[in-house]
Amino acid sequence: MLNEQNPTKQRLLITFGKSGTLKYTSNLDLAKIWERVLRRADLPLLYSQGFNTRPRIQLASALPLGITSSCELIDVALREGITLDGVRERLLAVSPSGLDIYTIETLDVQHPTLQNLVESAEYRIHFEDAPDLALLRERIDQLLARKSIIKETERKGRRHVTDLRPLIYGLEIDAGGDLIVQVAVGDHGNVRPDDVLTELALDHLHYSAHRQKLNLVKTR
C-alpha cells in the first residue's frame, strides 16, 4: 500500500457495526456511505490515481444482506498522519443511523490487506419461535457427522460445485437457545448462515442473524 508516487502516511483500522435498517444496505453501498462519512469528518484521505479517483478504503469482508453486525472492519489510508483523539466522535457526528463505530486504531502501513487475512466468522442466529432443542442438537450432530455437503450454484452460465462441510468449523447452542455458527469467509471460502440453516432443515423458521466475530490470520 506504500509507494513513492502516492505514499500512505497512516492507516486506520476501524471496527464498526451495522444495525437497524442499515442491515439491508449492500456492501457496495456501504462503501459509498463510508466515503461520505470520512469526507464529512474531514479526514486527510488518500485517493487512488487516475481519471476516476476514489478514497483508498477497504472493507475486510462482505456482510450478507439482512444480517446485523458488531465486528466489521474497514481499512482507511491517509495522506497525512493524525492523532486519534476525537476522531471517533467526528465520525459518529456525521454517520447515518445504524452505523455503529466502536474502536479506531492505527495499522502499520506495510500491514497485509484485511481481505487477505479474514479466515472465518461467527454468527449468532436467534429464532423467533425456538425449535425443540433436543431436535436441534440431533440435527447439528448429524450435520457435523457428514463427510461432505455439496452445494451447486450457477453464475454467469457456469455451474459451480462447493463442498460446504470443511468450511463449517463449529455449531453449538448457547445458554439462551441461540445457534452459534462458525464458518469460513473470505479467500478460504464463503458460507452464509442460511446455507447452514438449509442443511439443518430450519430455513423455514423466522430468525435473525448477527455477525459477532471476524477471525483474522495472525501476522508476525
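The values are calculated or read from the model by the stated rules, or taken from the named source; none is laboratory data. These figures come from a predicted structure and were not determined experimentally. Here Cβ is always computed from backbone atoms with ideal geometry, including for glycine, and neighbour counts include all displayed protein chains.
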The lone exception for Tyr169 - which of (1) under 20 Å from Ala201 (Cβ atoms); (2) modelled with pLDDT of 95 or more it fails: (1)
Residue list for region 133-142, filter: within 26 Å of Gly189 (Cβ to Cβ) and in contact (Cβ under 8 Å) with a residue 40 or more places away in the chain: Leu136, Arg139, Ile140
When Ser70 is run through (1) farther than 18 Å from Ala209 by Cβ; (2) under 22 Å from the mean Cα position of the chain (by Cα); (3) surrounded by fewer than 18 Cβ atoms within 10 Å (Cβ to Cβ), the failure sits at (1)
Just the residues that are more than 15 Å from Ser61 (Cβ to Cβ) and modelled with pLDDT under 95, please, taken from region 175-193. Ala175, Gly176, Gly177
Flag for Lys147 being within 22 Å of the chain's Cα centre (by Cα) and either loosely packed, with under 14 Cβ neighbours inside 10 Å or not assigned by TED's automatic domain parsing to the domain that holds His126 (or both): no
Check on Glu80, acidic (Asp, Glu) and surrounded by 14 or more Cβ atoms within 10 Å (Cβ to Cβ): no
Looking only at region 14-32, how many residues end up being touching a residue at least 60 places away in the same chain (Cβ under 8 Å) and under 11 Å from Ile57 (Cβ atoms)? 1
Find all pairs meeting these conditions: Cβ atoms under 7 angstrom apart; at least six residues apart or on different chains; first residue within region 57-81 and free of Cβ contacts under 8 Å to residues at least 12 places away in the same chain; second residue of a type in the set (Asp, Glu) and in a loop (DSSP other than H, G, I, E, B). none
Within region 164-220, strands (runs of 3 or more DSSP E) holding 3 or more residues that are within 18 Å of the chain's Cα centre (by Cα) and either assigned by TED's automatic domain parsing to the domain that holds Ala60 or surrounded by fewer than 16 Cβ atoms within 10 Å (Cβ to Cβ) (or both): 207-216
Pairs returned, first residue in region 121-132 that is of a type outside the set (A, V, I, L, M), second residue that is assigned to a loop (DSSP other than H, G, I, E, B), beta-carbon separation under 7 angstrom, 6 or more apart or interchain, are Arg124/Asp178; His126/Asp178; Phe127/Leu205; Glu128/His206; Asp129/Leu205; Asp129/His206; Pro131/Leu202; Pro131/Leu205
